[in-house]
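A.B. asks: I'd like to ask you about the structure that follows.
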Amino acid sequence: GDGDEDAGELDFSVLLKKRKEKLEEPKEEVDVWEILKAAKPCDYEKIAFQYGITDLRGMLKRLKKMKAGSKKSDAFLTKLDPTYSVNKGKKIRLTVEVADPTVEIKWLKNRQEIKPSTK
């Protein structure tokens with residue numbers, strides 16, 4: 001046989017079955033990070049892949065930052081501002097309200113205890 005005579009006339013696309021397009025159902029907005037924060041570490045991988053997170057190392061770093069940032073203390077009734085600015089040589093007075101007045105309080109600056117002095 002000569003293969004050239006019917007080369008352009010066969011159309012196999014007619015023989016293929018047409019599929020109905022599936023309309024994706026609108027999914028509920030889910031905060032994956034809240035689910036992960038509440039989950040056990042052994043379930044992280046399963047949950048991550050279920051919601052399309054493929055960067056597991058990045059996910060773990062983000063979770064670690066979120067958990068570190070969400071540390072709350074029940075000892076204080078009011079929270080201090082994260083930063084204060086004072087001119088050198090000037091005095092500053094910091095006050096907080098504590099839940100238990102009998103608890104011992106230590107003030108720290110750069111992770112070192114500040115002791116009362118004349119400075």
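A.B. asks: Give the long-range amide H neighbours of Phe76: residues separated by 5 or more places, or on another chain, with amide H under 5 Å away, using H modelled in the peptide plane at 1.01 Å from N.
C.D. replies: For Phe76, the qualifying residues are Ala99.
A.B. asks: Also: With a 1.4 Å probe and all protein chains kept in place, how do Leu80, Leu16, Leu36 rank by accessible area, largest first?
C.D. replies: The ordering from most to least exposed comes out as Leu16, Leu80, Leu36.
A.B. asks: Order Tyr84, Tyr51 by their accessible area, 1.4 angstrom probe, all chains in place, largest first.
C.D. replies: The most accessible residue leads, giving Tyr84, Tyr51.
A.B. asks: What spacing in nm lies between the two simple spin-label points modelled at Ile105 and Trp33, each 7 Å away from Cα in the Cβ direction?
C.D. replies: Rounded to a tenth, the inter-label distance reads 3.2 nm.
The values are calculated or read from the model by the stated rules, or taken from the named source; none is laboratory data. This structure is a prediction, so every number in the text was calculated from the model and none was measured. So basically every Cβ, Gly included, is an ideal-geometry build from the backbone, and we count neighbours across all protein chains shown. Heads up: the accessible areas ignore ligands, DNA and RNA and are worked out on the full protein's heavy atoms, side chains in. Shrake-Rupley method; radii C 1.70, N 1.55, O 1.52, S 1.80 Å.
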